[in-house]
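One structure is given here, and the rest of the page talks about it.
Bear in mind these aren't lab numbers, they're just calculated from the coordinates by the rules spelled out. What you see is a predicted model; the values in this text were computed from it and never measured. We place every Cβ from the backbone using ideal geometry, glycine too, and count neighbours over all the protein chains shown.
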Amino acid sequence: MVNQKYKSAGKLKSGLFIVTVLFLMMEYLSDFAQELPPRPVSVYYTQSLSFGALSLGTSGGSITVYPSGIRSSTGGVIPVGMGYPFYPAIFNLSGNPGTVIHPLLGLDAVLTGSNGGSLTLHLENIDPGDPIILNTTYPGQMPVKVGGTLYIGIFSANPPGVYSGTFSIMFIQE
């Protein structure tokens with residue numbers, strides 16, 4: 001009879017040990033079983049695109065601002081300093097790290113001048129390229145720089161002045 005009592009106690013201890021081990025394994029595995037739920041990407045406008053000051057010769061041409069902040073021109077367009085800065089547009093993206101995003105640059109934009117005239121803006125450069133993979137932890141923000149080319153016609157069609165307009169970019173979350 002004494003023997004039977006010790007056998008029952010031993011089975012109970014073994015059963016508790018197995019249940020405890022299974023519970024701990026389930027707890028450990030549940031921590032790694034599911035990834036974070038998708039978080040919609042947030043886009044924050046930080047800086048506009050600016051081409052700085054320029055002078056136009058006898059013919060038209062173009063001026064480009066790259067995402068790196070470098071500016072170049074073609075044709076009769078001459079970039080000048082005059083204290084007007086040039087820089088790419090900057091958008092900050094925020095979301096879960098590893099989120100894949102595809103930028104979709106909008107159609108060409110028309111910029112209107114303060115003294116008449118219009119210019120065509122074509123967005124063509126983006127840093128980082130496509131696809132963008134978020135590398136910051138939420139709520140951190142990852143900068144995306146956008147450059148473009150401004151096409152300028154002859155002097156009579158584009159008088160001196162300040163030209164402004166809007167452009168669109170879509171960020172598509174995968």
Residues whose placed amide H lies under 5 Å from that of L54, excluding near-sequence neighbours: V80
FRET efficiency for T137 and A157, using Cβ-Cβ distance with R0 set to 35 Å, rounded to 0.05: 0.10
Label point distance in nm, S42-Q173, each placed 7 Å from Cα along Cα→Cβ: 1.1 nm
Between the range 148-174 and the range 49-80, the alpha-carbon center distance in angstrom: 12 Å
